[in-house]
1. Give the calculated FRET efficiency between residue 163 and residue 320 to the nearest 0.05, with a Förster radius of 22 Å applied to their Cβ-Cβ distance.
2. Separation between the residue 340 and residue 14 pseudo-spin-labels, each 7 Å from Cα along Cα→Cβ, expressed in nm?
3. Just report the Cα centroid separation between region 1-73 and region 139-183, whole Å.
4. For the peptides 256-266, 129-139, 10-20, 419-429, what is the packing order when you average, over each peptide's residues, the other Cβ atoms within 10 Å and list the highest mean first?
5. For the chain, what proportion of DSSP beta bridges, expressed in % and rounded to the nearest 5, is antiparallel?
6. So if R0 is 56 Å, what FRET efficiency would residue 2 and residue 309 give, r being the distance between their Cβ atoms, rounded to the nearest 0.05?
7. So how far apart, in nm, are the two label points at residue 254 and residue 60 if each is 7 Å from Cα heading toward Cβ?
8. Could you work out how far apart the two model spin labels at residue 357 and residue 446 are, taking each label as a point 7 Å from the Cα in the direction of the beta carbon, and quote it in nm?
Ligand SMILES: *Cc1c(COP(=O)(O)O)cnc(C)c1O
């Protein structure tokens, strides 16, 4: 295959993609397969000779779509969305066509400079204070790991990087019990250790208790341990919990601790000023992560981390060997120095296309609809016999259950076997519940109300 062939097949792929998206509503949302069903279609060994593209294409259309869970399906209400707005998909196509590696400024100035401007556009869109800078990571997990590694090094006077961790003080991190497992992973991978991530109790609204945070830090100090930082939750994955950001940051400040806020899902909603009360005090954070690849519409992957002062993170993660220097440009921004991997995709292009093609008003209108429709759906489900709303909507996420765990799990299995909609589960305060999040880029009110129809049919 050469670039002339690529042109031919790209056009075919564009037509295929159009049909795929047009007919998406008629497919079962979740792949109705058992493990091994897809692999059984593939030969065990690679081909020695070249195969005709026609045959590869046929296998793709035969094997792959039925083996997919359709994340762009308008009736996907599971997990959180991974929206790919058409304009962002177009930008991804163009970035793929150029296929650059944007590890330093010199390796593609447009990759770095558009990223810098897009971070500032997003800062303004979210209503964050001037002065926040930032970068784009592959995932919120990487951003949170970067923030925690920076907390570790700041606590160690940046000596862990050279001396390692053995013999040093025992570092401690603090987070609410509602934070995502990526915080646990960061504690593990940073060498701080899971046992040194202190999960602070939450109140009736699922927010970390600032008083309990202060008590935990004080107890650790008394025991001779070294607090390193606090991770707050702005829109938890399980039930959408929000910590009291301003109060919690005030506690952290009292002890001189840096604060990272995980707003991976809910950050997108902050383009709407009316939701910003949920993370009031956010300008006091040192680091904030949010995923435009979730609710906003930037095709996966695109996780944005805002930093009040990028200095400590660059000092922690940045290396500039001679072969990565740009002659005469010591002050240049090289975003690989802000994150874990060296290689970087051109992710800013899709943000540029996304914000321009829909405008912030177009993006806000979608999020407002999702929140309003989630409220309607909550009421429709509450009216069904035996259904109990367990957690009220946090933005567009709520949970419900039937009277017993067995009945709830059985209902969820039947909903997903039915295929018209897709929901997933969580456990809240010991109770097995079904989550509903509304956030698909092109879903309609009818798609959302369909959840109540399906459940009404199955009860
Ligand atoms: C999705 C999510 C994450 C992890 O996101 P990745 O980008 O997949 O690593 C972390 N925190 C919260 C609150 C999330 O919703």
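1. Rounded to the nearest 0.05, the efficiency is 0.60.
2. 3.7
3. Comparing the Cα centres of region 1-73 and region 139-183, I get a distance of 41 Å.
4. The most tightly packed comes first, giving 256-266, 129-139, 419-429, 10-20.
5. In the chain, approximately 60 percent of DSSP beta bridges are antiparallel ones.
6. FRET efficiency, residue 2 to residue 309: 0.70.
7. Roughly 5.9 nm, to one decimal.
8. 2.4
Taken together, the values in this text are just the output of simple stated rules run on the coordinates, not laboratory data. Since this is a predicted model, take the numbers as computed values, not measurements. Glycine also receives a Cβ, built like all others from the backbone with ideal geometry; neighbour counts cover every protein chain displayed.
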